Amino acid sequence: MLEPDPILPGTAARPAPPAASAPQGASASAALTADFDTFLRLLTAQMQNQDPLNPTDSTEFTAQLASFSAVEQQIRTNDLLTQMNAGLTRMSAADLGGWLGRDARAPMPVVFEGAPVSLAAPPHPLADRAELVVRNGAGAVVQTVPIPIGGAAIVDWTGMDPTGQAVLPDGIYDITVQSWSGETLIEDRTVSSYATVQEASLVDGEIWLTLQNGLSLRADDVDGLRSPA
């Protein structure tokens, strides 16, 4: 009675490599698991059908066991990465919800609608005088307002002249605080203002906020947060 043809050593040493166009994520993990199962079947068949008088070389068998261990470890690693990614997605969703409806403060253009606007405009510590410099959309300076040195870091900008007369129309303005030492300008920094967060989204791993004034900015640029008044 003829013996079954033995499987030659080395023919089942490693699972078939995935195709170059294999899908990513869960489908790639499934393909790797399928290769792993195929590897086990081939290895079992080789051990059952090897010639007792000419068994598989121990070195080759050790290499096959090493491949077995490597594939098993890769499957476990893929499963762990899938679980971690799912956890990070849930965390990101929770983080997004925490921004909605809050007043975020950040260096950005100021929307003026006739009412006073609170600005974070701390002068430089070495300044002996400071002022707000207001520019319109064309970049022209339309107002300068002196602010106190060493006082509160938050100032209310009204858009009015010292007599209380409105001088600026509603619109979006770029405002900086200029700090001076004598006649030397030592700093010209964009002020921070508040706006309510209407939408939060995750873009390339970063949280982006859409504000009520229509502006968008990264959450990393926010330097203050408060509940709406």
From the set of residues in the range 155-171 that are of a type in the set (A, V, I, L, M, F, W, C) and surrounded by 15 or more Cβ atoms within 10 Å (Cβ to Cβ), which is nearest to ALA138 (Cα to Cα)?
LEU168
Segments classed as strands (runs of 3 or more DSSP E), wholly inside the range 189-229, with at least 2 members that are under 13 Å from ASP95 (Cα atoms):
192-203, 206-211
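So, in the range 159-178, of the ones that are in a loop (DSSP other than H, G, I, E, B) and of a type in the set (Gly, Ala, Ser), which residue ends up nearest to PRO116 (Cα to Cα)?
The qualifying residue nearest to PRO116 (Cα to Cα) is GLY159.
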Residue count for the range 117-155, restricted to those that are free of Cβ contacts under 8 Å to residues at least 60 places away in the same chain and either part of a strand (DSSP E or B) or among the aromatic types (Phe, Trp, Tyr) (or both):
16
VAL111: outside any loop (DSSP other than H, G, I, E, B) and more than 21 Å from PRO162 (Cβ to Cβ), yes or no?
yes
Being over 22 Å from ASP103 (Cβ atoms), in contact with a Ser or Thr (Cβ under 7 Å, 6 or more places away or on another chain) and either modelled with pLDDT of 85 or more or surrounded by 12 or more Cβ atoms within 10 Å (Cβ to Cβ) (or both) narrows it down to one of GLU187, GLU199, so name that one.
GLU187
So ARG105, is it more than 21 Å from LEU168 (Cα to Cα), in contact with a Ser or Thr (Cβ under 9 Å, 6 or more places away or on another chain) and either among the basic types (Lys, Arg) or touching a residue at least 12 places away in the same chain (Cβ under 8 Å) (or both)
yes
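The values are calculated or read from the model by the stated rules, or taken from the named source; none is laboratory data. Every value quoted in this text rests on a predicted model; they were computed, and no experiment measured them. As a convention, Cβ positions derive from the backbone with ideal geometry for all residues, glycine included, and neighbour counts pool all protein chains shown.
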